[in-house]
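Some notes on the structure that comes next.
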Amino acid sequence: MANKVCDFCLEEGRGLFHQPERLPDGHYICKNCRKIIASYDLPVKYDLFQLLVISEPYMQEMMMGDYLEHHRPEDAIAKYYPTTPMLLHQGEHVVNMRPASITVERSKIPAEQAVTRIGDIGRKQITNLPNARHSDGTEVEGTLYETDAALYFLSEHFINCHRLTSVITDHIDTDAVHVLEHGRQYSYRISHADLFHLRSVFYHMAVAATENREKSLVYLASENTMTLNSGKYNVPRNIKSGTYWVNPVEDATLHVRDANGRVRSVSSGRLRIDNGSVLEVDGQYEVRYRKREEGETGGNTITAGAFTGTPDNPEES
């Protein structure tokens with residue numbers, strides 16, 4: 001009998017009792033891949049996120065891009081990010097929704113009840129309790145919501161709200177979503193935070209693919225000059241690190257979170273951008289790798305393969 005190959009990890013079966021099992025859709029899966037997928041509480045079937053949790057991290061973004069090349073991004077968003085009954089702010093969409101908990105100082109928890117709908121959250125409803133530093137810390141359970149505008153933690157007595165650029169996506173701890181904002185740390189304990197981040201990355205890639213049909217997020221004015229439209233941009237490894245000159249086009253703001261989680265706002269001038277940085281643009285910014293030289297003109301459109309992102313307008317937290 002010929003050995004069968006697992007369609008998930010591409011490993012060949014060995015012996016009579018170690019052959020991959022055939023799924024109803026015709027694909028084969030080995031015992032190890034089945035165990036991994038089940039541990040993420042995902043249906044055991046041949047689908048995008050099942051393949052992502054099995055693959056190596058350096059392959060995941062490429063696999064997402066390949067999926068979007070063969071599927072309509074609108075269909076991908078409808079399939080993996082269905083609407084929820086939660087009331088949201090106008091134009092806001094849920095990307096992730098997971099039970100979570102955070103350990104905060106008991107004495108700082110408000111006595112009154114918090115609002116229960118994201119659409120009712122304004123500045124006055126936000127408490128932002130960080131990780132407890134003292135012995136009176138108590139674990140508070142709630143729900144962690146990520147939308148395309150912000151990250152929310154809703155509990156019975158308080159609400160935390162963070163900018164998306166404050167989320168640390170490359171933290172080694174996969175049992176929590178970590179946030180570093182204004183020098184304070186927030187650790188939301190959830191199962192499989194890596195899947196939480198994968199869903200976020202794919203959502204923004206899918207939205208970017210949709211938007212790019214109408215206008216590019218990144219324009220190339222010369223060899224060293226780019227214009228970034230409103231959006232959140234992850235700076236991957238294929239962008240060279242270095243000092244850039246940034247200038248707003250009319251009224252615009254630029255927030256940067258570096259690889260260590262430090263967040264700063266930039267108006268104009270020189271800016272150091274390294275691997276792992278995240279840029280959040282509101283408006284339009286010109287980004288140059290060196291100062292402008294005589295005769296630099298242009299306006300040719302390039303794809304968002306260098307900087308990937310989506311139009312974004314998160315509320316201040």
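The values are calculated or read from the model by the stated rules, or taken from the named source; none is laboratory data. Because the structure is a prediction, the values reported are computed rather than measured. When we count neighbours, we look across all protein chains shown, and the Cβ atoms used for this are built from the backbone with ideal geometry, even at glycine. Note: areas computed on protein heavy atoms with side chains; ligands, DNA, RNA excluded. Shrake-Rupley method; radii C 1.70, N 1.55, O 1.52, S 1.80 Å.
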> Which of the GluC sites (Glu not before Pro) found in region 83-165 are in a DSSP loop and have at most 14 neighbouring Cβ atoms, other than their own, within 10 Å?
Replying inline: Glu112, Glu156
> Between region 132-197 and region 87-124, what's the alpha-carbon centroid distance in Å?
Replying inline: 11
> For the charge dipole of region 1-129, defined by +1 on Lys and Arg C-beta atoms and -1 on Asp and Glu C-beta atoms about the Cα centroid, which residue among Asn128, Met64, Thr83 has the Cα displaced farthest towards the positive pole?
Replying inline: Asn128
> So what's the net charge close to Cys6: Lys and Arg +1, Asp and Glu -1, counting the other residues with Cβ under 10 Å from its Cβ?
Replying inline: -1
> Rounded to the nearest 0.05, what FRET efficiency is calculated for Tyr58 and Ala111 with R0 set to 35 Å and r the Cβ-Cβ distance?
Replying inline: 0.15
> Ser230 accessible area, nearest 10 Å², 1.4 Å probe?
Replying inline: 40
> Hey, what's region 109-183 come to in accessible area per residue, 1.4 Å probe, Å²?
Replying inline: 48
>> Around His157, under 14 Å between beta carbons, what's the net of Lys plus Arg minus Asp minus Glu among the other residues?
In response: -3
>> Computing the accessible area with a 1.4 Å probe over protein heavy atoms, can you report the carbon and sulfur percentage for region 22-132?
In response: 54
> So what J values fall out for region 82-92 if you push phi through Karplus, 6.51 cos²θ - 1.76 cosθ + 1.60 with θ = phi - 60°, rounded to Hz, Gly and Pro as x?
Replying inline: x, 5, 10, x, 4, 6, 10, 5, 4, x, 8
>> Keeping all protein chains in place and using 1.4 angstrom, which order do Ile29, Ile36 fall into by accessible surface area, from largest down?
In response: Ile36, Ile29
> Quick one: Karplus J couplings for region 184-195, per residue in order, coefficients 6.51, -1.76, 1.60, θ = phi - 60°, nearest Hz, x for Gly and Pro?
Replying inline: 10, 9, 10, 10, 9, 6, 9, 8, 6, 4, 5, 5
> What is the local net charge at Ala132, summed over the other residues whose Cβ is closer than 10 Å to its Cβ (Lys, Arg +1; Asp, Glu -1)?
Replying inline: 0
> How about region 52-120: which trypsin sites (Lys or Arg not before Pro) there are in a DSSP loop, with at most 15 other Cβ atoms within 10 Å of their Cβ?
Replying inline: Arg117
> Could you give the length gained on full extension between Asp75 and Gln90, defined as 0.36 nm per residue of separation minus the Cα-Cα distance, in nm?
Replying inline: 3.2 nm
